[in-house]
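J.: Can you read through this structure? Questions will come right after.
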Amino acid sequence: MPVFLIDVNLPYYFSLWKSELYIHQIDIDDCWTDEQIWNYAMQHNLTIVTKDSDFSNKIMLRNPPPKVIHIRFGNMKMNEFHQTISRYWDEVLKMNQNFKLVNVYIDRIEGFE
């Protein structure tokens with residue numbers, strides 16, 4: 001059963017997210033609006049992983065589900081993206097257990113209750 005919903009704006013072919021814990025929006029409907037993504041994640045108790053600030057803004061005004069992991073660094077080559085996320089991902093997952101929003105920057109991670 002999936003735990004994380006990967007937003008369409010993030011790479012589909014990404015080894016970190018290739019397990020039964022992750023579902024990519026492309027596998028559901030890549031044309032969904034943010035509201036449809038939000039509602040699906042809420043109904044299925046998923047954490048949204050995204051680069052879209054709309055989700056992190058929305059979660060600050062609401063209580064989970066869903067939770068949000070907001071990747072907040074700009075565009076970069078796939079190899080650099082993979083290295084950066086891989087370096088932080090275990091800590092991001094731990095923080096996701098205790099925070100409704102986890103912001104992932106290129107040099108740090110922040111959690112918000």
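The values are calculated or read from the model by the stated rules, or taken from the named source; none is laboratory data. Here the structure is a predicted model, which is why all the values come from computation and not from measurement. Because the Cβ atoms are built from the backbone with ideal geometry, glycine has one as well, and the counts that use them run over all protein chains shown.
J.: Determine which single condition THR50 fails, assuming it passes every other condition in (1) touching a residue at least 40 places away in the same chain (Cβ under 8 Å); (2) within 21 Å of LYS18 (Cβ to Cβ); (3) out of contact with any Asp or Glu (no Cβ under 6 Å at 6 or more places or on another chain).
T.: Of the numbered conditions (1) touching a residue at least 40 places away in the same chain (Cβ under 8 Å); (2) within 21 Å of LYS18 (Cβ to Cβ); (3) out of contact with any Asp or Glu (no Cβ under 6 Å at 6 or more places or on another chain), the odd one out for THR50 is (3).
J.: Something else now. If you go through the stretch 12-47 one residue at a time, how many are crowded, with 19+ Cβ neighbours inside 10 Å, free of Cβ contacts under 8 Å to residues at least 40 places away in the same chain and in a loop (DSSP other than H, G, I, E, B)?
T.: 0
J.: Give the residue that is modelled with the lowest pLDDT, with candidates limited to residues of the stretch 66-94 that are in a loop (DSSP other than H, G, I, E, B) and under 9 Å from VAL104 (Cβ atoms). Outline the logic, then answer.
T.: So in the stretch 66-94, the residues in a loop (DSSP other than H, G, I, E, B) come out as 66, 72-77.
With the extra rule that they be under 9 Å from VAL104 (Cβ atoms), the set shrinks to 72-73.
On the way: ARG72: 95, PHE73: 88.
Out of the qualifying residues, it is PHE73.
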